[in-house]
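What follows is one structure encoded as structure tokens, with my remarks underneath.
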Amino acid sequence: MRNIAVVAHKYLPQPDDNLIDFLNIKKESRVLHIKHSFPDASDRCSSYSLYSKGSKIKEKTSADYKFLPEALVYIKELFFTIKWIVFSKTRWDLYIGMDGLCVFFGLILRSIGACKKVIFWSIDFVPQGRFKQSWKNLVYRNIDILACKKADEVWDLSPKMAKGRKKFLGLDNKDYKFRKIVPYGVWTNRIKKYPYESCEENTLVFMGHLIPKQGVDVVIGKIPEIVKRIPNFKFKIIGGGSYREKLINLARNLSVDKYCIFLGRIEDNRILEDEIARSALAIAPYLKTPNSYTYYADSGKIKTYLACGVPVLLTDLPWNVGEIQKNKCGLIIKDDGSDLAGKVLFIMKPKINREFRENAVKYSKNFDYEKIFSRLEL
């Protein structure tokens with residue numbers, strides 16, 4: 001039994017939440033989950049939850065530091081991470097950081113003996129234009145290089161990540177101490193699936209952070225074409241973000257707001273999964289932009305869709321898009337939306353939807369979290 005700390009920047013549920021669940025199922029000695037809000041979230045709080053042998057024994061949330069400039073927010077995060085790790089009076093066997101900055105915090109803690117081993121679970125890689133300011137991109141780039149070189153292990157979401165780092169950061173295999181693929185997964189057995197007859201038959205669902213490159217505006221723009229064939233069509237949009245109000249206004253301006261249901265963030269994974277599972281069809285209309293989070297990473301939302309038994313329409317950005325189409329649990333769409341309406345109509349046909357739902361459940365068993373985490377031998 002080990003003491004394991006997991007540190008992440010948070011907005012929507014991420015793989016760190018599932019790892020925490022797994023560690024608590026195993027009843028590890030102590031598990032500490034530290035969470036820092038993303039800078040564009042509605043707050044700038046830091047918080048932690050401490051577990052002992054599977055039971056939560058303590059939790060705390062800091063004050064809201066929304067008033068601080070962004071640079072000082074990161075210093076705040078460093079302060080609370082070090083404080084909560086050191087004052088836990090525990091020698092942490094593993095420190096798992098979910099991004100380069102969180103790993104940097106861990107490297108400092110390792111240097112003072114507060115943790116033994118630092119793991120970088122890299123859940124995104126954006127080599128170009130992640131931020132608007134060039135200096136931020138430079139800092140991000142150098143922190144990522146440091147994290148990859150100095151972490152005891154690097155866990156990549158997809159095989160594309162190492163290729164991207166070699167191309168843009170000049171990192172070769174010799175630069176890592178140890179590297180493996182640890183993709184997004186889903187707890188397939190806990191999700192209730194709905195057959196076509198019990199689902200919301202004409203409902204399309206999107207789940208994710210509402211920012212321009214997610215392509216939700218493209219979907220809204222095609223609703224007038226879709227409702228000509230499906231008058232009772234609904235588009236459920238789960239998530240929040242800086243682009244939400246613009247999407248609401250777009251729907252209103254196109255007079256399709258009555259077809260759009262903005263559900264906001266759903267933080268409870270089980271409620272989120274049930275909302276998706278009730279839908280007839282899901283969509284991941286990623287745009288091909290230089291600052292895409294998806295091209296080199298692994299799309300968690302797509303795996304959630306499929307594990308819920310819901311077929312998916314997606315652009316050809318994710319690394320496993322070919323597998324999804326080959327297994328007939330989804331179809332590739334163009335990111336300009338030119339073929340969107342036709343493919344929505346096709347997969348919403350009862351016979352096709354039944355077939356794709358069955359295939360989605362079958363395919364999703366390949367990425368069950370129980371299998372993924374058990375192979376890590378933590």
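The values are calculated or read from the model by the stated rules, or taken from the named source; none is laboratory data. Computed from a prediction, not measured in an experiment: that's the story for all the values here. Cβ placement follows ideal geometry from the backbone for every residue including glycine, while neighbour counts extend to all protein chains displayed. These area figures cover heavy atoms from the full protein model, side chains too; ligands, DNA and RNA do not enter into them. Shrake-Rupley method; radii C 1.70, N 1.55, O 1.52, S 1.80 Å.
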Using the structure shown, list the pairs from Lys116/Lys149; Lys150/Lys301; Lys174/Lys328 with a Cα-Cα distance above 27 Å, or answer none. Lys150/Lys301; Lys174/Lys328
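Sorted by packing (mean other beta-carbon atoms within 10 Å per residue), highest first, where do 202-210, 306-314, 51-59 land? Each step should come with its number before you reach the end.
Working: 202-210: 23.0, 306-314: 27.3, 51-59: 12.8.
The packing order, highest mean first, is 306-314, 202-210, 51-59.
In whole percent, what relative contact order does the stretch 156-308 give with Cα contacts below 8 Å and a gap of six or more residues?
Numbers: 207 pairs, mean separation 54.8, N = 153.
Relative contact order here is 36 percent.
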Running a GNM on the chain with Cα contacts under 10 Å, which residue among Asp336, Asp144, Asp316 ends up with the highest mean-square fluctuation? Asp336
May I have the pair-distance distribution P(r) for the stretch 101-255, computed from all Cα-Cα distances with 5 Å bins from 0 and rounded to whole percent? 2, 7, 12, 13, 12, 12, 12, 10, 8, 6, 3, 1, 0
Whole-Hz ³J(HN,Hα) from phi, Karplus 6.51 cos²θ - 1.76 cosθ + 1.60, for the stretch 276-281, glycine and proline x: 5, 4, 6, 7, 7, 8
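When the solvent-accessible surface of protein heavy atoms is calculated with a 1.4 angstrom probe, in what order do Arg91, Arg375, Arg179 fall, highest first?
Values: Arg91 120, Arg375 150, Arg179 80 Å².
Highest to lowest solvent-accessible surface, that is Arg375, Arg91, Arg179.
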The ³J(HN,Hα) series, computed from each phi in the stretch 224-241 with the Karplus coefficients 6.51, -1.76 and 1.60 at θ = phi - 60°, rounded to the nearest Hz and given as x for glycine or proline, is x, 6, 5, 6, 5, 9, 10, x, 9, 5, 10, 10, 8, 10, 9, x, x, x
List every residue whose amide H lies under 5 Å from the amide H of Val182, counting only residues 5 or more places away in sequence or on a different chain, with H placed 1.01 Å from N in the peptide plane. Asp156, Leu157
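Quick one: what do you get for the stretch 232-378 if you divide its Cα Rg by 2.2 N^0.38 Å? Please report the intermediate quantities before stating the final value.
On the way: Rg = 15.9 Å, N = 147, 2.2 N^0.38 = 14.7 Å.
Relative to the rule-of-thumb radius for its length, the stretch 232-378 sits at 1.08.
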Between Phe168 and Ser42, the FRET efficiency computed from the C-beta separation at R0 = 30 Å comes out, to the nearest 0.05, as 0.40
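Send over the semi-axes of the stretch 14-168's equivalent ellipsoid, whole angstrom and largest first, taken as the square roots of 5 times the C-alpha gyration tensor eigenvalues. If you can, show how the numbers build up before the last one.
Working: eigenvalues 128, 80, 42 Å².
For the stretch 14-168, the ellipsoid semi-axes come out as 25, 20, 15 Å.
How big is the dipole moment of the stretch 240-378 about its Cα centre under a simple scheme where the beta carbon of each Lys and Arg is +1, that of each Asp and Glu is -1, and everything else is neutral? Debye, nearest 20, please.
On the way: 22 positive and 18 negative charges, 84 e Å.
That gives a dipole near 400 debye.
Percent relative contact order of the stretch 236-376, based on C-alpha pairs within less than 8 angstrom and at least six residues apart?
20 percent
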Straight-line reach from Lys349: which aspartates and glutamates have Cα under 14 Å away, leaving out those fewer than 8 places along the same chain? Glu197, Glu200, Glu201
Return the whole-Å distance between the Cα centroid of the stretch 300-378 and the Cα centroid of the stretch 240-285. 18 Å
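At a 1.4 Å probe radius, which order do Trp92, Trp135 fall into by accessible area, largest first? Before the final figure, lay out the partial values.
Values: Trp92 0, Trp135 145 Å².
Sorted by accessible area, descending: Trp135, Trp92.
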To the nearest 10 degrees, the tilt of helix 134-150 (Cα long axis) against the first principal axis of the alpha carbons of the chain is 60 degrees
For the chain, share of DSSP beta bridges that run antiparallel, in % to the nearest 5: 25 percent
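Hull surface divided by four, with the convex hull built on the Cα atoms of the stretch 33-97: how many nm²?
4.9 nm²
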log₁₀ I(q)/I(0) of the stretch 207-258 at q = 0.16, 0.17 Å⁻¹, via Debye over equal Cα point scatterers, no solvent, to two decimals? -0.44, -0.49
Helix 100-111 versus the longest principal axis of the chain: what is the Cα-based angle in degrees, 0 to 90, to the nearest 10? 20 degrees
Under a cut-off of 13 Å between alpha-carbon atoms, report the aspartates and glutamates in cross-link reach of Lys303, not counting same-chain residues fewer than 8 places apart. Glu273, Glu323, Asp368
Interchain or sequence-distant (5+) residues whose placed amide H lies within less than 5 Å of the amide H of Ser42 are none
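For the chain, with every protein chain kept in place, what is the accessible area per residue (1.4 Å probe, Å²)? Mind showing how you got there, number by number?
Values: 16690 Å² over 378 residues.
Here the residues of the chain average 44 Å² of exposed surface.
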In sequence order, calculated HN-Hα J values of the stretch 316-333 (Karplus, 6.51, -1.76, 1.60; Hz; x Gly/Pro): 8, 7, x, 5, 9, 4, x, 4, 4, 5, 4, 7, 6, 10, x, 9, 7, 10
Using a 10 angstrom cutoff on alpha carbons, build the Gaussian network for the chain and name the most mobile of Gly330, Gly215, Gly129. Gly129
Of the DSSP beta bridges with both residues in the stretch 13-132, give the percent that are antiparallel, rounding to the nearest 5. 70 percent
Taking the mean number of other Cβ atoms within 10 Å as a proxy for protection, how do you rank 146-157, 165-176, 105-116 from highest to lowest? 146-157, 105-116, 165-176
Within the stretch 1-67, how many lysine pairs that are 8 or more places apart, or on different chains, have C-alpha atoms less than 23 Å apart? 19
Just going by the charge dipole of the chain, with Lys and Arg at +1 and Asp and Glu at -1 on Cβ, which of Gly100, Leu376, Ala341 is farthest out on the positive end? Leu376
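Using the C-alpha gyration tensor of the chain, what are the square roots of 5 times its eigenvalues, in whole angstrom, with the largest one first? Display every interim value, and only then the final one.
Details: eigenvalues 256, 99, 84 Å².
In descending order, the three semi-axes are 36, 22, 20 Å.
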Show me, bin by bin at 10 Å from 0, the whole-percent P(r) of the stretch 93-174 based on Cα pairs. 19, 50, 26, 4
What is the angle, in °, between the Cα long axis of helix 350-364 and the longest principal axis of the Cα atoms in the chain? Nearest 10 is fine, range 0 to 90. 10 degrees
